[in-house]
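Here is the structure we will look at.
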There are 2 protein chains.
Amino acid sequence: MTLGWHIIAEFEQCSRSSIDNIEYVEKHLNESAKIAGATIVKSVFHKFAPQGVSGVVVIEESHFAIHTWPEHNYAAVDMFTCSEYMDYDKALVYLKEKFGCKVFKHQVIKRGENVVNQPSEV
Amino acid sequence: MTLGWHIIAEFEQCSRSSIDNIEYVEKHLNESAKIAGATIVKSVFHKFAPQGVSGVVVIEESHFAIHTWPEHNYAAVDMFTCSEYMDYDKALVYLKEKFGCKVFKHQVIKRGENVVNQPSEV
């Protein structure tokens, strides 16, 4: 049994202006969470000087996070979900398009495997 | 060249009451970020009913995130840093102790490898 799935996604050769725009990045990371079927709890974003955006969308099912390096046309995204019904593939395709990304790769890491019925502590 | 390091950490057989206490979890995740040498930007935490805590600390160097399953004495932590000088080992040991965790494992994923000097888009 697995409690969560952690999607580690690399977006390369993105549109520099898109991933340096905090309003744009926040809007579309939130939208991608909705598209995946997540329920948004809170969203917190931060713009760095001279460039780059960091942001996290806390969802009922865990989180979506992004960190961008506009100077390298690169965005690092991770999506953590405890719901096996979340459609993260749809969210990844959406972000790839919105960021004008030409090279994309991702991996899925299982979280909390085999922790059910282990010896417990109060 | 690598832009970031993403530490994926599994804390098993934790103290159930510790990882179900939002104030306790928020305090110690923030403290672990400071211990690692991070500069905290914002912290956002959420308590789930009937149990569990999710939280993210956005740092100048990226983020620290946690999701807990008290019913399985399990906490999933990830630390994303773009600073090669961050002492995440010290932060992990600190959290292991504070959560009363008996089984601990982690992996480090390089983020943004070989994206410098790729073809760029405006």
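Which of the residues belonging to the range A:41-51 are more than 9 Å from chain B (Cβ to nearest Cβ) and not in a strand (DSSP E or B)? Listed by number, the residues that qualify are A:ALA49, A:PRO50, A:GLN51. Under the condition of being more than 7 Å from chain B (Cβ to nearest Cβ) and open to solvent by less than 10 Å² (accessible area, probe 1.4 Å), the residues counted in the range A:52-67 number 7. Please enumerate the residues belonging to the range A:5-40 that are part of a strand (DSSP E or B), open to solvent by less than 40 Å² (accessible area, probe 1.4 Å) and not acidic (Asp, Glu). Those that are part of a strand (DSSP E or B), open to solvent by less than 40 Å² (accessible area, probe 1.4 Å) and not acidic (Asp, Glu): A:HIS6, A:ILE7, A:ILE8, A:ALA9, A:PHE11, A:SER15. For beta carbons closer than 7 Å, sequence separation of 6+ or different chains, a first residue in the range B:42-71 that is touching a residue at least 24 places away in the same chain (Cβ under 8 Å) and more than 27 Å from A:PHE48 (Cβ to Cβ) and a second that is open to solvent by less than 30 Å² (accessible area, probe 1.4 Å) and among the polar types (S, T, N, Q), the qualifying pairs are B:GLY52/B:THR68; B:VAL53/B:THR68. Scanning the range B:72-114 for residues that are open to solvent by less than 60 Å² (accessible area, probe 1.4 Å), touching a residue at least 24 places away in the same chain (Cβ under 8 Å) and in contact with a Leu (Cβ under 7 Å, 6 or more places away or on another chain) gives B:TYR74, B:VAL77, B:CYS82, B:ARG111, B:GLY112.
The values are calculated or read from the model by the stated rules, or taken from the named source; none is laboratory data. Values in this document were obtained by computation on a predicted structure and should not be read as measured data. Glycine gets a Cβ as well: all are built from the backbone with ideal geometry, and neighbour counts include every protein chain shown. Note: areas computed on protein heavy atoms with side chains; ligands, DNA, RNA excluded. Shrake-Rupley method; radii C 1.70, N 1.55, O 1.52, S 1.80 Å.
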